[in-house]
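Just below is one structure, and these are the notes that go with it.
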Amino acid sequence: MYQHFYGFQAMPFNVTPDPKFLFLSPTHQEALSHLRYGISERKGFIVLTGEVGCGKSTLCRTLLNELDSERYESVLILNPRVDEEQLVLAILRELGEPVDEHTHADRTGRLNEALLRRIHAGKEIVMIIDEAQNLSFEVMEQVRLLSNLETDEQKLLQIILMGQPELKQKLREKRLRQLRQRVLVYYDLHPLDRPQTEAYIQHRLSLAGANGRPRFTPRALRKIYRASRGTPRLINNLCDKALLSAYVRSADDVNWWDVRRAVKEIKRLEHA
């Protein structure tokens, strides 16, 4: 609605994890460096944690886009509420392997063969499991067992577990100590501070094609930071709704009152 009014080439504050809009704050840059290091050095298990909406998905999609398709093949598991058999089936499907859900063949054996074929062809396989805090203990144990698949030289799977802070708590459980001991690369993603929040907003406006308008007033920026606590997804929601409020006024400045309306709207939706 306001895209044409402000001359945006794209909507600046969509909440989808679009790598094009990635803002590399120091914490995001460090997290991405950890992911790159873990994969390039074949560390096997990598864990990335952070609060809801802090940018984990965008970072991982950026990482996947960076991987050389001639060398790497990726597996993305977005639904963690699966059992052990369903996990293996999901991996086989992601790899493009034919599967028969009605047979009880040795699917782990089939997966091992599929991975070995790719390794021998010079490929490496990176598997990302999103919302990993929701994995059951049994599936966590299956993931650990999958990490045992290896040749004499390397693991067949590089595994990235990505999740909310509850994932840290889960990995501290005594019964998961064997899995925890295999995590060689770990990073906890932090929210943006106030200067980073302001830079993040300007970054997205610039990428969307803003040319001096709209402008967020200093008071508006301060309120966005206080209300969002530096969480990118919340920043996006607030900015989107504040821009709509400014558009309704046909204004070039997004002010404190626009952000206040945005905060009230979000709170209303949360309690609806």
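The values are calculated or read from the model by the stated rules, or taken from the named source; none is laboratory data. Note that the coordinates shown come from a computational prediction; the quantities given were computed from them, not determined experimentally. Positions of Cβ are generated from backbone atoms using ideal geometry, with glycine treated the same way; all protein chains shown enter the neighbour counts. For the accessible areas, the whole protein counts, side chains as well, though only heavy atoms, and no ligand, DNA or RNA atoms are used. Shrake-Rupley method; radii C 1.70, N 1.55, O 1.52, S 1.80 Å.
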Only listed residue being crowded, with 18+ Cβ neighbours inside 10 Å, at pLDDT below 95 and closer than 25 Å to Pro26 by Cα, chosen from Ala208, Ala220, Ala227: Ala208
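Does the range 157-189 hold any residues that are under 28 Å from Leu234 (Cβ atoms) and either surrounded by fewer than 17 Cβ atoms within 10 Å (Cβ to Cβ) or of a type in the set (S, T, N, Q) (or both), and which are they?
Keep residues of the range 157-189 that are under 28 Å from Leu234 (Cβ atoms), which gives 160-172, 185-189.
Across the range 157-189, the qualifying residues are Gln164, Pro165, Glu166, Lys168, Gln169, Arg172, Tyr186, Asp188.
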Residue within the range 122-140 that is open to solvent by 20 Å² or more (accessible area, probe 1.4 Å), part of a loop (DSSP other than H, G, I, E, B) and over 24 Å from Gly53 (Cα atoms) present: yes
Matching residues in the range 25-47 - criterion: being within 17 Å of Lys168 (Cβ to Cβ) and touching a Lys or Arg at 6+ places or on another chain (Cβ under 6 Å): Phe45
Hits in the range 23-63 - residues which are crowded, with 21+ Cβ neighbours inside 10 Å, hydrophobic (A, V, I, L, M, F, W, C) and more than 23 Å from Val143 (Cα to Cα): Cys54
Of all residues making up the range 64-118, the number that are within 19 Å of Ser40 (Cα to Cα) and in contact with a strand residue (DSSP E or B) (Cβ under 8 Å, 6 or more places away or on another chain): 10
Within the range 215-232, tally of residues that are under 23 Å from Gly7 (Cα atoms), polar (S, T, N, Q) and part of a helix (DSSP H, G or I): 0
